[in-house]
Amino acid sequence: MTAVLTFLFLFIQVSENIVVKDQWVRPGAKGMGTALYFTIENNGSEADTLYAVTSDISDKIMIHQTYSKGDMIGMKMVKEIVIEPGKAFKFEPGGYHVMVMKLKHDIKAGDETEFILHFKKAGEVSVTASVAKN
Ligand SMILES: [Cu+2]
């Protein structure tokens with residue numbers, strides 16, 4: 001009993017350092033791409049790093065940054081995102097986003113989709129994102 005309680009306590013402590021909230025994903029059709037957005041809060045005392053996102057919905061998911069150069073708007077791949085302690089990092093339209101390529105099936109407004117965010121310290125954090133239009 002004590003061992004179980006200790007384990008639960010440790011688990012809660014660790015997982016509270018990284019909080020993912022306000023997650024949503026745009027609708028998309030099978031074979032096409034979409035984007036996932038969220039905010040990561042680091043409530044711990046050390047920096048943590050998001051280095052991958054995975055999901056059953058696609059085998060090709062990467063972190064992107066939208067940038068503008070003159071009149072051009074482009075996207076580039078970002079290897080990892082470091083979230084400093086006590087800070088929040090926002091993925092949002094026109095900025096950082098998680099690019100989800102080649103959807104395995106349609107996702108429509110009102111659906112929910114599961115993603116796993118992989119952090120160097122916090123490990124795997126699973127999130128359920130609502131599908132929303134904007
Ligand atoms: Cu992109």
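Readers should treat all values here as calculations from the given coordinates under stated rules, not as data from a laboratory. Just so you know, these numbers come straight off a predicted model, no measurement behind them. FYI the Cβ positions are ideal-geometry reconstructions off the backbone, even for glycines, and counts take in every protein chain you see.
Projected over every direction and averaged, the convex hull enclosing the alpha-carbon atoms of region 2-131 yields 9.2 nm². Computed over every Cα-Cα pair of region 86-127 and binned at 5 Å starting from 0, the pair-distance distribution P(r) comes out as 5, 13, 17, 30, 20, 10, 4, 1 percent. Lys-Lys pairs in the chain that are eight or more residues apart or on separate chains and whose Cα atoms lie under 17 Å of each other come to 18. With the chain treated as a Gaussian network of Cα nodes joined by springs under 10 Å, which of SER55, SER68, SER45 yields the largest mean-square fluctuation? Result for the chain, Cα springs under 10 Å: SER68 fluctuates most. Net charge dipole, the chain: roughly 460 debye, given to the nearest 20, about the Cα centre with Cβ charges of +1 for Lys and Arg and -1 for Asp and Glu.
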